[in-house]
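These notes concern the structure reproduced below.
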Amino acid sequence: MRKSKQTGWTQYASLQALIVAICLLVAGANAWAEAVIYEPFADSDTTLVGNTPGTGLTGLWVGAANPTNIANQTYGELITGGNAMRVYNGWANNEVVIDASGAYTALLADGGEMWFSVLYEPVDWSGNTAYARFAFAIGDDGFSGNGDLGTTSAQAIGLGMGAGKLFAGLWTNSNWGANNLAGPPASAVDPNQYKSLSTGELYLVVGHVAWGANDATDYDTVTLYAPGTDLVLGSAIAISTGIVSQSSFNLIATHNGNSMTSIFDEIRVGATYADVTPQPPPSGTVIIIK
């Protein structure tokens, strides 16, 4: 039986629609790792200083020569690569400049949101536990001294760890000092809400930042999570609030205290949770067209 032209056209249109759908499916599958900033520490330099940074960063890492290059850290289904950094017992403050491109600037929009993640392991905090501190920050100044931001006008968001407790970091003009790392920061919503860490255990710390509608008058909120190796987000472990002017945030900075040995790796910043916790794409689907 001979097919009509109309039937042939209908089949052709259906095939075209299927092809478009497949293309969209493939595009969606390839959108699993769209972090605006990704630092896997892929440079082969033996120390962090002078390390050529990853995606979304510019210049070189600067600061203490203490962080040294070690093997890449892995965590469940999280996609990882490159190497990692180990900071041996002793003061270490490091920072790198963020590439102020349109993609990163969009993450700082008033009323918007931003996600970040980092792998962190407190290797050892023996000795003077008062200075057993670690911090990761995105802000307008790096750390100096014993965990203070560089100036009293400095602002940043991120995470702080002191004496084995992990808190959400939000450093404002009024609480820029190291007391944000010694215990619950002044910006903590609940000083009793934190995650207790254990030495020798690797953690994935994920932060969600909700910017206020007006950076001069409305509160910004940093919420931390510690997903398991299945990468399920889970419940919040700590929340901090305050008012920061995020439009000036142009640095990623780390701090390691005098009595602390730490490992950090896989720094990501993006627009969604999926951006900062990428997983391998699902296995391919075979489509049979009859």
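The values are calculated or read from the model by the stated rules, or taken from the named source; none is laboratory data. No experiment lies behind these values; they were computed from the predicted model shown. Using ideal geometry, Cβ is built from the backbone for each residue, glycine included, and neighbour counts are taken over all protein chains shown.
Looking at Leu202, Leu224, which one is surrounded by fewer than 23 Cβ atoms within 10 Å (Cβ to Cβ), within 16 Å of the chain's Cα centre (by Cα) and assigned by TED's automatic domain parsing to the domain that holds Gln73? Explain how you work it out, then say what you get.
Working: Leu224 fails: surrounded by fewer than 23 Cβ atoms within 10 Å (Cβ to Cβ).
Result: Leu202 is the single residue among Leu202, Leu224 that is surrounded by fewer than 23 Cβ atoms within 10 Å (Cβ to Cβ), within 16 Å of the chain's Cα centre (by Cα) and assigned by TED's automatic domain parsing to the domain that holds Gln73.
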Residue, farthest from Asn66 (Cα to Cα), within the range 136-157, restricted to residues that are touching a Ser or Thr at 6+ places or on another chain (Cβ under 7 Å) and not acidic (Asp, Glu)
Gln155
For residues that are farther than 30 Å from Ala106 by Cα and of a type in the set (S, T, N, Q), tally how many sit in the range 179-214.
6
Elements of type strands (runs of 3 or more DSSP E) in the range 35-82, at least 2 residues being farther than 20 Å from Val205 by Cα:
57-63, 68-71
Can you tell me which of (1) under 24 Å from Phe134 (Cβ atoms); (2) among the hydroxyl-bearing types (Ser, Thr, Tyr); (3) surrounded by fewer than 21 Cβ atoms within 10 Å (Cβ to Cβ); (4) modelled with pLDDT of 95 or more is the one Tyr38 doesn't meet?
(3)
Please count how many residues of the range 84-116 are β-branched (Val, Ile, Thr) and part of a loop (DSSP other than H, G, I, E, B).
0
How many residues does the range 241-277 contain that are in contact with a helix residue (DSSP H, G or I) (Cβ under 9 Å, 6 or more places away or on another chain), closer than 16 Å to Val206 by Cα and either surrounded by fewer than 24 Cβ atoms within 10 Å (Cβ to Cβ) or at pLDDT below 95 (or both)?
1
Against the condition touching an Asp or Glu at 6+ places or on another chain (Cβ under 6 Å) and touching a residue at least 40 places away in the same chain (Cβ under 8 Å), how does Thr52 come out, does it pass?
no
Determine which member of the set Leu170, Leu231 is at pLDDT 95 or above and under 24 Å from Gln279 (Cβ atoms).
Leu231
